[in-house]
Amino acid sequence: MDNLKVSTRSNPHAVAGALAGALRRDGVCGITVIGAGALNQAMKAVVIARELVRHDGLDPVCVPSFVHLDVAGLERTALALRVEHRPAAAGAPPATSDAERDDDAGAKPLDRLA
């Protein structure tokens, strides 16, 4: 399983591409973050990656947990995100994008909000 380390300066599109590749290859990928800015970039990458792999029949979900890391001799608490494919339930309709779900519910996608 790949483990991506994401920082505040990470490009979410680049991380999403790496995440999508790992999901297509292995069906699972880990992401490690320390801090709110890094978590923000990682979550953006997860959202982008979900769209990238949707047409491959994958429906990734994110499972967070705490981990303790040694960083320069100091113990730091980090978040470990396990991103894995969620198999569809028998007879369930195929996964839709968040934008399609929003349109179905009558909500405006964020890019159309004024």
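A short reminder: the numbers here are calculations on the coordinates, not readings from a lab. Values in this document were obtained by computation on a predicted structure and should not be read as measured data. Cβ: placed from backbone, ideal geometry, glycine included. Neighbour counts: every protein chain shown.
Legend: ranking of residues E51, E84 from fewest to most surrounding C-beta atoms inside 10 Å; resulting order E51, E84. Of the residues M1, M43, the one with the fewest other Cβ atoms within 10 Å heads the list, and the complete ranking is M1, M43.
Here the mean projected area of the convex hull built on the C-alpha positions of the range 2-87 is 5.2 nm².
Projecting label points 7 angstrom from Cα along Cα→Cβ for E51 and V63 puts them 2.7 nm apart.
Compute the length gained on full extension between K5 and D26: take 0.36 nm times their separation in residues and subtract their Cα-Cα distance, giving the result in nm to one decimal.
5.8 nm
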